[in-house]
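The values are calculated or read from the model by the stated rules, or taken from the named source; none is laboratory data. Since this is a predicted model, take the numbers as computed values, not measurements. With ideal geometry, Cβ positions are generated from the backbone for all residues, glycine too; neighbour counts draw on all protein chains shown. Surface areas here come from the heavy atoms of the whole protein model, side chains and all, with no ligands, DNA or RNA. Shrake-Rupley method; radii C 1.70, N 1.55, O 1.52, S 1.80 Å.
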Amino acid sequence: MKFAAYKYDSQECIGVLSNCGTEIYSIHELGLDYKTMIDLIKNITEKEKQQLAKKLNTMDYNGLKIEDVQLLAPIPNPRDIIAVSQNYVSHVKETCKLNGVEYIRPKHCSYFWRRVNRAVSHNGSICLHAGISSMMDYEVELAVVIGKECSRVAEKDAMDYIFGYTISNDITARDIQKNLPQYAYAKGLDDTTPIGPYIVTADEIMDPHNLNLSLKVNGEMRQNGNTDDFIFNIPYIISDLSKGMTLFPGDIIITGTPSGIGAGMNPPVYLKHGDVIESEIEGLGILRNIME
Ligand code: MG
């Protein structure tokens, strides 16, 4: 199932997409009383999910056309996003080349945190921050949404803690990233974290380690990879993090980006006002944003 947050008639709602993806149904209309996406992720039962799926198959409710609602980021105010750095072989090779060093496969998974005051929605604007950066860059990433509180979980059990998946873009001010020893400011600027367009539940994604993902700028393909290029897979990441840190329902982990970043082009090409970015992941849709 695909869960979305949306605004209709000035009301913020949570809904589920019709099987064909053209309509959205309010979960209240379908008999569920969850107020926020986090509330739903935390509390929805398997039985309720089955009942929802059944209703979607025999739908005689009044849905809204998807183009008539304003999609919001499925989790509009995540408390933070945990990000994996350097997790695709292709991107690590690209970074090594940029830094003039030999490729060495990372032995340890490296994390950082994106501060997210407000997540940017599908079709929403990403801020260029032209006053402090002239090197804004993109990174399409598979985002894992945690479904259950998770502490000291073994790799073999880790996938059971996933609610679903969505798309994110780890927008980065490369000049700030280069000048500071920590990523926090370069990757934590206001209105630079798009998430969406919706959350696809884990049961719909047969193999998250074999998904094509790509990113286009103004229709031009810049990134084109597959999650089979991961250095650290999702069970490893969840297990590794949860050894020392409790994960909670609604927590988002972004899993790294393949090669093709603007900084890696010759000469480098950075984002500019009016650029349209389309981040696409197989089975998860297209997250479209505009640079402003
Ligand atoms: Mg990244």
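A few notes on this one:
- Any hit, the range 222-234, residues being open to solvent by 60 Å² or more (accessible area, probe 1.4 Å), among the aliphatic types (A, V, I, L, M) and more than 21 Å from A119 (Cβ to Cβ): no
- Unmet requirement for W113, which otherwise passes all of (1) away from the ligand (no atom under 16 Å from the Cβ); (2) open to solvent by 40 Å² or more (accessible area, probe 1.4 Å): (1)
- Summed over the range 1-56, the residues that are of a type in the set (A, V, I, L, M, F, W, C) and over 23 Å from the mean Cα position of the chain (by Cα) give a count of 5.
- Test set (1) touching a residue at least 24 places away in the same chain (Cβ under 8 Å); (2) more than 17 Å from the chain's Cα centre (by Cα); (3) over 21 Å from D80 (Cβ atoms) - A184 fails condition number: (3)
- Of all residues making up the range 205-262, the number that are acidic (D, E) and under 14 Å from E278 (Cα atoms): 1
- Pairs with Cβ under 6 Å, 6+ apart, first in the range 110-138 and assigned to a loop (DSSP other than H, G, I, E, B), second among the charged types (D, E, K, R) and surrounded by fewer than 16 Cβ atoms within 10 Å (Cβ to Cβ): N117/D190
- Number of the condition not met by R105 [criteria: (1) open to solvent by 10 Å² or more (accessible area, probe 1.4 Å); (2) in contact with a strand residue (DSSP E or B) (Cβ under 7 Å, 6 or more places away or on another chain)]: (2)
- Qualifying positions in the range 69-98 - over 21 Å from F230 (Cβ atoms), within 16 Å of the ligand (Cβ to nearest atom) and open to solvent by 30 Å² or more (accessible area, probe 1.4 Å): D80
- Taking helices (runs of 4 or more DSSP H) as the structural unit, those lying wholly within the range 28-100 and holding at least 3 residues that are farther than 26 Å from D160 by Cα correspond to 89-98.
- If you go through the range 170-200 and keep only what is touching a Ser or Thr at 6+ places or on another chain (Cβ under 9 Å), open to solvent by 10 Å² or more (accessible area, probe 1.4 Å) and either within 12 Å of the ligand (Cβ to nearest atom) or over 29 Å from M1 (Cβ atoms) (or both), you end up with R174, D175, I176, Y183, L189.
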